[in-house]
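Below is one structure, written out as structure tokens, with a few remarks after it.
The values are calculated or read from the model by the stated rules, or taken from the named source; none is laboratory data. Note that the structure is predicted; figures quoted are calculated from it, not measured. For neighbour counting, all protein chains shown are included, and Cβ atoms are generated from backbone atoms with ideal geometry for every residue, glycine included. Only protein heavy atoms, including side chains, enter the accessible area calculation; ligands, DNA and RNA are left aside. Shrake-Rupley method; radii C 1.70, N 1.55, O 1.52, S 1.80 Å.
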Amino acid sequence: IYVLDGNLSLIYIIDTYKSCIWANRYYNVGDCEVYLPARPELMGILVKGNYLVRTDDDMVCRIKRIELDTDAENGDYLIVTGKDSKDMCDQRIIWTTMTCNGNLETFIRTLVTKSLINPSMPARKVLKPDTTPLLSLGTAAGFTDVLSEQVSYKNLGEKIREYCQKYGWGYKVVLSGTSLQWILYKGTDRTDSVFFSDDYENLITTSYVDDVQNMGNVSLVGGEGEGSARSMSTSGYAESTERYEIFVDAKDITHIVSWSDL
């Protein structure tokens, strides 16, 4: 795991850790958590605002939280939590009324540009500590979907996710040289070609649970009416300790078909 400072310069390599959770997400904002022994030299390196990256994945996580876990028996540990850098979209709202009347990808890229890359208000622009630009747009994906919509004051990240989920797109922020790039893309649907099974030896661990705690297999259904005049029926059959009863309130149903009617 490579540690970059706020200017995206490499400052440290983490090669020993107890565990690492690295969750890159297609629609939503990913996150990571690294659990490693606490050493004095790390206290000034693993700090909020620095970045964590890996060579086997293009997610760039910005450190958001550092926790020191002290244990007299096992030693001290650091729990370092980061969020996907595309979280910066969630730090902005759509500041004015914006209108899309054409290509949706172009509109989304315009929203990102006006909110983070080249806004009219200088304070909204994302910069490195050395005041150079932190973010730019990557190459357009070339999507042809069109939309007619007007949007105002919505959270930018939430609006992008709304569009992405509707059209099956993903978005990410990746490291490109000494800056970050915002990219809209579409993943490959491998539903019919990827299978996970013990037979293929591509499952590291499995867990099987057989649970009847919330089970119901016999229902007493109450229809219209009140008290003794209420229409009642049962559905399902089981006996003894294998019988789990539930009540279904169906007052809006005028006639209930019971098993004796069939």
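Numbers below:
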| quantity | calculated |
| --- | --- |
| Estimated dipole of segment 37-162 in Debye, rounded to 20 [Cβ of Lys and Arg +1, of Asp and Glu -1, Cα centre] | 740 debye |
| Computed FRET value (nearest 0.05) for Leu220 with Asp57, which takes r as the C-beta separation and R₀ as 51 Å | 0.45 |
| For segment 47-126 versus segment 186-206, the gap between their alpha-carbon centres in whole angstrom | 30 Å |
| Neighbourhood charge, 12 Å Cβ-Cβ cut-off, centred on Gly236 and excluding it, Lys, Arg +1 and Asp, Glu -1 | -2 |
| Restricting segment 70-168 to chymotrypsin sites (Phe, Trp or Tyr not before Pro) in coil, as DSSP defines it, with at most 12 other Cβ within 10 Å | Tyr153 |
| Charge context of Tyr35, other residues only, Cβ under 11 angstrom, K/R +1, D/E -1 | -2 |
| Sum of -39500 (n - 2.57) over DSSP H runs of 4+, divided by residues of the chain (222 nm, nearest 500) | -2500 deg cm²/dmol |
| Accessible area per residue in Å² at 1.4 Å probe, computed on the chain | 62 Å² |
| Fully extended contour minus Cα-Cα distance, from Tyr185 to Thr113, at 0.36 nm per residue | 24.2 nm |
| Backbone HN-Hα couplings from phi across segment 204-218 [Karplus 6.51/-1.76/1.60, Hz, Gly and Pro as x] | 6, 9, 9, 9, 10, 10, 10, 10, 10, 4, 10, 7, x, 10, 9 |
| Placed amide H near Ala141: partners under 5 Å, 5+ positions off or other chain | Leu184 |
| Calculated FRET efficiency for the pair Asn101/Ser136, C-beta based, R₀ 25 Å, to 0.05 | 0.45 |
| Highest-first arrangement of 210-217, 133-140, where packing means the average Cβ count within 10 Å | 133-140, 210-217 |
| Partners for Lys83 among lysines (Cα-Cα distance below 20 Å; same-chain residues under 8 apart left out) | Lys18, Lys48, Lys64, Lys125, Lys128, Lys159, Lys172 |
| Relative contact order, percent, the chain [alpha-carbon distance under 8 Å, six or more residues apart] | 14 percent |
